[in-house]
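First the structure, in the form of structure tokens, and then the observations on it.
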Amino acid sequence: MDAGNLLGQRANLTPNREALLELDTGIRYTYKQLNNRANRAANWLLSLGIGYGDRISILAHNSVVYLDLFYGAAKIGAVFAPLNWRLVAQELVYIVNDCAPKIIFCDPDFAPLLSEMQPHISVEHFASLNGAEIQDAIVYEAAYAAASTSEPPRPSELNPETPHCILYTSGTTGRPKGAIIPQRQVLWNCINTAVSWGLNENDVSPVFTPMFHAGGLFAFLTPLFYLGGRIILGKGFDVEASMRVILEEKCSVILGVPTLFQMWLNMPNFDDLDFSHVRFFISGGAPCPVPLMQEWRARAGTVFRQGYGLSEVGPNCFSMTDADSVPKSGSVGKPIFHSEMRLVDEQGNNVPPGIIGELLIRGPHVCSGYLNNLEATQAALVDGWFHTGDMACMDADGFYTIAGRFKDMIISGGENVYAAEVEAVFMQHTAVQECALIGQPDDKWGEVGLMITVLKPGHRVSESDLRDHCYTQLARYKVPKQVIFTDALPYSPYGKVEKAKLREQFL
């Protein structure tokens with residue numbers, strides 16, 4: 001089983017059912033119309049010589065074009081490799097050179113960023129979206145309109161292990177890694193989410209999360225399209241506008257990160273809103289504080305759950321019933337239907353209930369590995385088990401709670417920030433001798449970066465100068481919100497900075 005004709009089969013079953021409302025344009029699409037768009041995109045890509053195994057990238061805000069390319073690529077065995085527009089040019093250049101797309105699509109908001117990248121990348125084609133001014137680019141809208149709506153020829157090589165997406169995650173060594181998502185994983189994420197979360201064809205869900213994220217593509221969008229539900233697609237996130245859409249379109253299942261839920265709670269008219277059409281809200285991307293969940297339930301009068309996932313294993317790895325969501329607040333639930341999980345100690349031995357161990361996951365929803373990175377693949381995938389790097393414990397009832405991270409990482413506003421990457425940029429500054437990034441609690445973002453810094457003898461530099469140095473090389477959410485200067489960092493006998501001691505001292 002593969003994902004090559006998921007949209008085509010759904011369009012055959014329910015061609016005239018509404019599938020998507022694109023908020024930016026106000027256009028509503030049926031499943032037949034979406035499938036025709038995907039066919040046009042696929043046939044046009046084939047006419048350019050882009051087919052099985054070739055990568056296609058997009059640097060743009062959420063739009064129906066993401067669906068053209070995502071489902072169109074699946075039909076012809078091409079690989080969808082979306083680009084994180086929150087990154088700076090230097091970071092994106094590395095990713096583009098690593099995955100080597102044959103074509104990059106770009107909208108007007110990111111044309112200047114692409115222009116900055118172009119001298120440092122080798123890409124055969126560029127496609128302009130919505131009038132983006134890009135030298136020698138193909139105008140996508142015109143090319144797409146001229147292409148055929150017939151189903152493209154299915155490649156004989158297409159199989160469940162054919163790569164469907166490459167999603168880049170920040171690397172603990174300072175370089176992002178491209179997780180290879182095979183067609184098998186996309187399909188089983190749909191199946192697992194549908195059977196474990198109880199989704200159905202009547203569900204409606206908004207997508208405000210960027211579609212370069214696994215959450216934007218796979219949390220609700222692909223499972224609901226599999227079932228015949230409806231998606232409300234937002235270009236971005238605005239507090240009041242997003243809530244208005246949830247109410248007007250009668251959304252029934254809503255995903256957010258803790259930061260978004262706090263923003264919604266802070267709306268002055270929140271207590272007057274009617275959520276009677278909502279089946280459940282679910283928080284992902286970062287640990288959700290239990291008091292926030294409790295306040296949401298009390299004021300909104302709805303079911304509120306917490307989820308867990310990773311790009312490499314999908315955003316939907318656990319589930320729980322509505323009844324369990326209150327007494328098990330803080331837990332992410334039990335493993336989804338078609339999945340196996342273990343908690344192990346540092347020697348790889350299973351730990352008993354109540355004891356923290358590293359979370360390992362095995363099943364058809366696990367990725368194939370990392371692009372061009374055999375070492376990382378072999379470290380993460382051992383005998384079919386994916387080592388998440390996250391610590392968790394299981395209670396006597398089989399419910400899992402995420403306890404922390406083996407990986408040196410903080411999560412700020414739902415975005416992963418790996419310490420090694422930020423520390424490497426800090427160390428490039430001529431005044432910095434050594435530094436260590438830790439996370440500090442933040443009411444808005446959950447966590448923000450705090451950099452503990454030791455300066456070289458005789459050097460002076462301000463906190464703002466160091467942060468300005470980072471802005472040229474890192475996405476804004478990765479730049480530490482605060483810098484504290486100290487005389488020395490604590491080291492273990494093995495030469496590693498003891499960040500636990502830093503947390504005790506500075507937090």
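Values in this text are rule-based calculations from the coordinates and carry no lab data. All values reported here derive from a predicted model rather than from experimental measurement. Quick reminder, even Gly has a Cβ in these numbers, built from the backbone with ideal geometry, and neighbours come from all protein chains shown.
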Query raised in the report: Over region 332-407, what relative contact order in percent results from Cα pairs under 8 Å that are six or more residues apart?
Result: 33 percent
Query raised in the report: If each of GLU151 and HIS120 carries a label point 7 Å out from its Cα toward its Cβ, how far apart are those two points in nm?
Result: 4.4 nm
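Quick check on region 228-292: take the gyration tensor over C-alpha atoms, sort the square-rooted eigenvalues as a ≥ b ≥ c, and tell me if it's rounded (a/c under 1.5), prolate or oblate.
Numbers: a/c = 1.42, a/b = 1.20, b/c = 1.19.
Because its axes are fairly even, with a/c under 1.5, region 228-292 counts as rounded.
Rounded if a/c is under 1.5, else prolate if a/b beats b/c, else oblate: with a ≥ b ≥ c from the C-alpha gyration tensor eigenvalues square-rooted, which is region 332-407?
Values: a/c = 2.21, a/b = 1.56, b/c = 1.41.
Taking the square roots of the gyration eigenvalues as a ≥ b ≥ c, region 332-407 is prolate.
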Report summary line: Charge dipole of region 61-138 built from unit charges on the beta carbon (Lys, Arg +1; Asp, Glu -1), centred at mean Cα; most positive-end Cα among HIS120, ASN84, GLY72 is GLY72
Report task. Sort 426-432, 190-196, 453-459 for me by packing, meaning the mean count of neighbouring Cβ atoms within 10 Å per residue, highest on top. Result -> 190-196, 426-432, 453-459
Query raised in the report: Which aspartates and glutamates does LYS456 reach when only Cα atoms under 14 Å apart count, and residues fewer than 8 places away in its own chain are ignored?
Result: GLU434, ASP487
Report summary line: Set LYS75/LYS235; LYS32/LYS250; LYS75/LYS102; LYS32/LYS75, cut-off 19 Å on Cα-Cα distance; pairs above it are LYS75/LYS235; LYS32/LYS250
Requested in this report: Using R₀ = 22 Å, calculate the FRET efficiency as 1/(1 + (r/R₀)^6) where r is the Cβ-Cβ separation of LEU507 and VAL382; round to 0.05.
Outcome: 0.05
Report task. Note down the net charge around MET243, summing +1 for each Lys or Arg and -1 for each Asp or Glu among other residues with Cβ under 14 Å from its Cβ. Result -> -4
Report task. Would you mind calculating the gained length between GLU463 and VAL290 on full extension (0.36 nm times residue separation, minus the Cα-Cα distance), in nm to one decimal? Result -> 58.9 nm
Query raised in the report: Antiparallel as a % of all DSSP beta bridges within the chain, to the nearest 5?
Result: 60 percent
**Report entry** FRET efficiency for ASP109 and GLU240, using Cβ-Cβ distance with R0 set to 22 Å, rounded to 0.05
**Finding:** 0.55
Requested in this report: Count the DSSP beta bridges whose two residues both fall in region 357-507, then state the antiparallel fraction as a percent rounded to the nearest 5.
Outcome: 85 percent
Report task. Mind jotting down the distance between the C-alpha centroids of region 13-89 and region 228-260, whole Å? Result -> 21 Å
**Report entry** Among (1) 1.11; (2) 1.16; (3) 0.96, the entry derived from the coordinates for Rg/Rh (Cα atoms, Kirkwood Rh)
**Finding:** (3)
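Give, as a single signed number, the net charge of other residues whose beta carbon lies under 12 Å from the beta carbon of ALA300, with Lys and Arg counted +1 and Asp and Glu -1. Intermediate results must be reported in sequence, preceding the final value.
On the way: positive: ARG297, ARG299; negative: ASP271, ASP272, ASP274, GLU295.
Cβ neighbours under 12 Å give a net charge of -2.
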Report summary line: At the level of C-alpha centres, the distance separating region 337-405 and region 105-160, in angstrom, is 37 Å
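Per-residue counts of other Cβ atoms within 10 Å, averaged by peptide: what ranking do you get for 371-380, 298-307, highest first? If you can, show how the numbers build up before the last one.
Details: 371-380: 14.8, 298-307: 18.6.
Highest mean packing first, the order is 298-307, 371-380.
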Query raised in the report: Between rounded, prolate and oblate, where does region 409-506 land on the alpha carbon gyration tensor, with a ≥ b ≥ c its root eigenvalues, rounded for a/c under 1.5, else prolate if a/b exceeds b/c?
Result: oblate
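May I ask you to derive the relative contact order of the chain, considering only C-alpha pairs under 8 Å and at least 6 residues apart, and to give it as an integer percent?
Details: 1053 pairs, mean separation 59.7, N = 507.
Result for the chain is 12 percent.
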